[in-house]
């Protein structure tokens, strides 16, 4: 437990400087790209925002479970994978109208998420956080194996929500699905933020993560909190998986990449912060695309993991995370 | 009552059986001599794991061949049995499987495996045990340098690369950009393309890569857009090349897209959708049977194989089924000459000439254990979601 609880920040000023510093750095990179590469650079940034929105959506799921239970759920990418694959089976193959397929896929994955929490996390609730994190890795492997058994190894395609003809502006081209992903990320971040900051249940769940005894006194047990968090994270993950599948395709092993990049985005933005997840995702996506554009493209993935290591070393609470325990 | 009906049925069945037997004998068809010893052939294929889409059609093809042989004349009258092991797409398991087949099952020859990695793990075992091995994997390393006991059926990656460069030369495309998967297949292909390009008056003006699970290649493509490349050569397997086709459409890039044989499957068309149209790639002629001369032995071979495969499994043939079938065919033909002595069998395989399989005509020699030639491949273009032969001239 203590490892994941961030130490109380001693030097508030130093951290603010770091935050401002990194914001200026990202701003400078974007400005330099735009000035030196013009519309090509603008295309990179636009593509980066699309990719970044995908990362942000996955990061949101990490945030929900982390802020309620301090657990990092390494099966988060698998929820998105399941969402995409179910959408394929129900709508692309099964012929359900897309909105109905969307609802059913999300409901099924949500039920799976809740069931997994009760069957695997709940019985281990007295164990250390690190034990539970290892269980989530086991869940991820199991879900992947089941998906492979059901759907096979080939990736599948899901139709875009509103066509494939690209929209052009200022010399850049964007596919309409990008707007869906970006818009969806914004809606989800607002909902999650409101839930955790404006509703009694949400506040109670955050309190339960910090001090479970005190929270249970006001009626939110850490056990309920964990169940609700997993349910929300599974729903967000599944919906995200469906919205990104038309850009991304879907496949039994796609959760690995989504999970890793989403985790990096969550750490970058500050684990447990919903706005942080969006900022982290966008920054990661844009930096990655610019790197692929400017340097030999093979270095692109190194950037993501270099950022992860740097953030963990310099500012483990992330860009928007708070060093102190949150007041509720 | 019930008893009467069933005994009546048995009588009818008996009559039919006699009739069939008489007709068969009347036609003078050869039959397997069941008193002869069964010829056992081992096979190690990737029936599960990531390479299962390769191993499963290969297994189906071998099962079909076994059925055809045992329904017909067998191998020199002997019944045939393919003993198939699963390597789970793992080299170590492949090595264990071939060891088991040789030591316990005492097979005379082995077919497999489906992937280059697994085959490279099996090859030294076959070589040191002096048991001939015919693999279904395309990696250049397997037969270069030649190991005396190791053969293959599929066209090699090198042949596909040569085919692409010949095509570019014929189309008078002098400047290309390479965009490749950063895995072994993509990197190996890009290296060989770059090395050989000069021989075909092709200049590589840009070389970019992407990760196997990347979903957005617009950054690499906009970079290529800024170069004088007249065509883009994409070397990878699904889903990357499909994302690239979609991104090119998004960016409005109209230069020709030449893919690798890694996209010679319906999956690519399904994933890329309309963006697949116009994409050109090298592949075996069997994918477009019309490209093989009508009435030729090869065309009959492909048509018959496709029909019987469809009848047995209700599936269309693909290149992997062809590799598996041809491996079985070469092995059993050689057995007809040499029997089950592994050393004689190896010699017989190496002496195989003008044997028409589904993939093409096999001619092995002491120096060439690949069997096929670059000319056994064609360039295919996707038009309205369908494959058609793209004539170079």
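Of all residues in region B:53-67, those that are crowded, with 18+ Cβ neighbours inside 10 Å and away from chain A (no Cβ under 14 Å) total 8. For residue A:90, the criteria (1) under 30 Å from residue B:49 (Cα atoms); (2) surrounded by fewer than 20 Cβ atoms within 10 Å (Cβ to Cβ); (3) in contact with a helix residue (DSSP H, G or I) (Cβ under 9 Å, 6 or more places away or on another chain) hold in every case but one, which is (2).
A quick yes/no check of all residues on (1) in contact (Cβ under 8 Å) with a residue 60 or more places away in the chain; (2) farther than 26 Å from residue B:54 by Cα:
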| site | (1), (2) |
| --- | --- |
| B:314 | no, no |
| B:321 | yes, no |
| B:336 | yes, yes |
| B:346 | yes, no |
| B:349 | yes, no |
| B:355 | no, no |
| B:362 | yes, no |
| B:369 | yes, no |
| B:391 | no, yes |
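When B:154, B:145 are checked against the criterion of being more than 9 Å from every other protein chain (Cβ to nearest Cβ), assigned to a loop (DSSP other than H, G, I, E, B) and free of Cβ contacts under 8 Å to residues at least 24 places away in the same chain, a single residue qualifies: B:145.
You will find that of A:35, A:108, the residue that is at pLDDT below 90 and either under 28 Å from residue A:155 (Cα atoms) or more than 14 Å from every other protein chain (Cβ to nearest Cβ) (or both) is A:35 and no other. Note on region B:285-304: residues that are touching a residue at least 60 places away in the same chain (Cβ under 8 Å) and within 12 Å of residue B:357 (Cβ to Cβ) amount to 3. Select from region A:195-251 the residues that are within 14 Å of chain B (Cβ to nearest Cβ), under 16 Å from residue A:75 (Cα atoms) and either at pLDDT below 85 or in a helix (DSSP H, G or I) (or both) and list them in ascending order. Residues satisfying the conditions are A:240, A:241. Criterion applied to A:171, A:138 was being surrounded by fewer than 15 Cβ atoms within 10 Å (Cβ to Cβ), touching a helix residue (DSSP H, G or I) at 6+ places or on another chain (Cβ under 9 Å) and at pLDDT below 90, and the one residue passing it is A:171.
With respect to residue B:330, determine if the residue is within 21 Å of residue B:63 (Cβ to Cβ) and in a loop (DSSP other than H, G, I, E, B). Against the criterion (within 21 Å of residue B:63 (Cβ to Cβ) and in a loop (DSSP other than H, G, I, E, B)), residue B:330 does not qualify.
Scanning region A:294-316 for residues that are more than 14 Å from chain B (Cβ to nearest Cβ) and not in a helix (DSSP H, G or I) yields A:315, A:316. Evaluating residue B:259 against the criteria (1) within 8 Å of another protein chain (Cβ to nearest Cβ); (2) within 19 Å of residue B:386 (Cα to Cα); (3) buried (at least 24 other Cβ atoms within 10 Å of the Cβ); (4) modelled with pLDDT of 90 or more leaves one unmet condition, (1).
Listed here are the residues, each with its yes/no results for (1) assigned to a loop (DSSP other than H, G, I, E, B); (2) more than 10 Å from every other protein chain (Cβ to nearest Cβ).
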{"site": "B:221", "(1), (2)": "no, no"}
{"site": "B:229", "(1), (2)": "yes, yes"}
{"site": "B:233", "(1), (2)": "no, yes"}
{"site": "B:238", "(1), (2)": "yes, no"}
{"site": "B:241", "(1), (2)": "no, yes"}
{"site": "B:244", "(1), (2)": "no, yes"}
{"site": "B:247", "(1), (2)": "no, no"}
{"site": "B:250", "(1), (2)": "no, no"}
{"site": "B:254", "(1), (2)": "yes, yes"}
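Can you name the residue in region A:158-168 that is facing chain B (nearest Cβ under 10 Å) and out of contact with any strand residue (DSSP E or B) (no Cβ under 9 Å at 6 or more places or on another chain) and, of all such residues, is surrounded by the fewest Cβ atoms within 10 Å (Cβ to Cβ)? The qualifying residue surrounded by the fewest Cβ atoms within 10 Å (Cβ to Cβ) is A:165. Considering only residues in region B:230-246 that are more than 26 Å from the chain's Cα centre (by Cα) and surrounded by fewer than 24 Cβ atoms within 10 Å (Cβ to Cβ), the one that is nearest to residue B:182 (Cα to Cα) turns out to be B:231.
Output the residue which, of all residues in region B:263-285 that are in contact with a strand residue (DSSP E or B) (Cβ under 7 Å, 6 or more places away or on another chain) and closer than 23 Å to residue A:151 by Cβ, is farthest from the other protein chains (Cβ to nearest Cβ).
Filtering first and then ranking leaves B:264.
Annotation: residue B:216 fulfils all but one of (1) surrounded by fewer than 24 Cβ atoms within 10 Å (Cβ to Cβ); (2) in a loop (DSSP other than H, G, I, E, B); the unmet one is (1). Only one of the listed residues (B:111, B:98) is touching a residue at least 40 places away in the same chain (Cβ under 8 Å), within 16 Å of residue B:331 (Cβ to Cβ), in contact with a strand residue (DSSP E or B) (Cβ under 8 Å, 6 or more places away or on another chain) and assigned to a helix (DSSP H, G or I). That residue is B:98.
The values are calculated or read from the model by the stated rules, or taken from the named source; none is laboratory data. For clarity, every value in this text was computed on a predicted model and none was experimentally measured. So basically every Cβ, Gly included, is an ideal-geometry build from the backbone, and we count neighbours across all protein chains shown.
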